[in-house]
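Visitor: Below you will find the structure I want to go over with you.
The values are calculated or read from the model by the stated rules, or taken from the named source; none is laboratory data. No experiment lies behind these values; they were computed from the predicted model shown. Here the Cβ is made from the backbone with ideal geometry for all residues, glycine too, and neighbour counts use every protein chain on show.
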Amino acid sequence: MGILKVNEIFYSIQGEGTAMGVPTVFLRLFACDLRCSWCDTMYAVEGTEFTDMSHEQVISEISKFGCKNVCITGGEPLIQRKELVPLAKELINKGFFIVLETSGHKKPPEIFNGSSCLISMDCKCPSSGMEKRMDFTLFEELGTKDQLKFVIKDEADYNYAKHILNTYKISSSLIFQPVFGEDISWLGESILKDRLHNVRVLPQLHKLMWGEKKGV
């Protein structure tokens with residue numbers, strides 16, 4: 001079986017997206033090929049903060065919490081695509097529900113299209129500095145069970161997100177997530193003014209609960 005580079009495994013409350021508020025085990029994989037300006041997990045992007053773990057070790061650690069909700073995040077989990085697919089298959093066979101957090105520049109493997117998984121894909125906006133790395137065709141491939149998330153820092157990000165929604169046919173849930181620490185009232189007011197009735201404004205709940213720290 002393959003070996004995964006794991007940054008951390010922890011049990012917390014899902015703080016983002018449509019599963020917000022649900023107790024979840026987080027599997028944070030190491031490494032990312034993007035460098036977003038506002039990244040809050042650089043310790044999982046570069047450096048040496050990882051442990052080599054077998055599939056059996058990962059599943060054993062996840063199972064200790066007695067929770068069937070698993071969020072696979074990073075970094076960028078799909079960098080370890082080859083090792084991740086058989087792990088996901090094992091988790092699904094054991095009755096786990098998976099949320100895969102990934103960016104819109106790598107195509108998720110077919111296994112994540114099933115009913116036991118939710119793909120949470122990011123569209124990187126201009127403030128991230130990574131907007132040119134996106135593969136917009138991936139947004140149209142998301143299913144109705146999935147979600148597309150825009151992290152919004154300013155008006156330029158907001159207008160960019162609106163452009164994407166007006167340009168592509170997207171069937172998934174749509175989330176506008178303000179960058180933590182920024183004023184968010186303007187974002188809600190803008191969405192109401194522009195009548196974006198299919199968009200949800202959702203903050204990062206875990207940061208509101210515990211602040212910016214690892215392991216939550």
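Visitor: Going through the range 14-32 one residue at a time, which ones are surrounded by fewer than 17 Cβ atoms within 10 Å (Cβ to Cβ) and at pLDDT 95 or above?
Guide: If the condition is that a residue be surrounded by fewer than 17 Cβ atoms within 10 Å (Cβ to Cβ) and at pLDDT 95 or above, then V22, P23 are the ones that fit.
Visitor: Before we move on, is V6 in a helix (DSSP H, G or I), buried (at least 18 other Cβ atoms within 10 Å of the Cβ) and modelled with pLDDT of 95 or more?
Guide: no
Visitor: Is it the case that the range 129-144 has a residue that's crowded, with 23+ Cβ neighbours inside 10 Å, touching a strand residue (DSSP E or B) at 6+ places or on another chain (Cβ under 8 Å) and modelled with pLDDT of 95 or more?
Guide: Within the range 129-144, none of the residues are crowded, with 23+ Cβ neighbours inside 10 Å, touching a strand residue (DSSP E or B) at 6+ places or on another chain (Cβ under 8 Å) and modelled with pLDDT of 95 or more.
Visitor: Right, next: Any idea how many residues of the range 70-115 are buried (at least 18 other Cβ atoms within 10 Å of the Cβ), farther than 21 Å from V45 by Cα and polar (S, T, N, Q)?
Guide: Counting residues in the range 70-115 that are buried (at least 18 other Cβ atoms within 10 Å of the Cβ), farther than 21 Å from V45 by Cα and polar (S, T, N, Q) gives 0.
Visitor: Then there's this: Taking the range 51-95 on its own, how many of its residues are of a type in the set (K, R), under 24 Å from G17 (Cα atoms) and free of Cβ contacts under 8 Å to residues at least 24 places away in the same chain?
Guide: Total meeting the criteria: 1.
Visitor: Give the residue, chosen from S173, S190, that is small (G, A, S), touching an Asp or Glu at 6+ places or on another chain (Cβ under 9 Å), buried (at least 19 other Cβ atoms within 10 Å of the Cβ) and more than 21 Å from S37 (Cα to Cα).
Guide: Result of the check over S173, S190: S173.
Visitor: If D40 satisfies every condition in (1) at pLDDT below 95; (2) out of contact with any Asp or Glu (no Cβ under 8 Å at 6 or more places or on another chain); (3) surrounded by fewer than 17 Cβ atoms within 10 Å (Cβ to Cβ) but one, which is the exception?
Guide: (2)
Visitor: Evaluate the range 182-194: report whether one residue or more is closer than 18 Å to M130 by Cβ and among the aromatic types (F, W, Y).
Guide: No; the residues of the range 182-194 include none that is closer than 18 Å to M130 by Cβ and among the aromatic types (F, W, Y).
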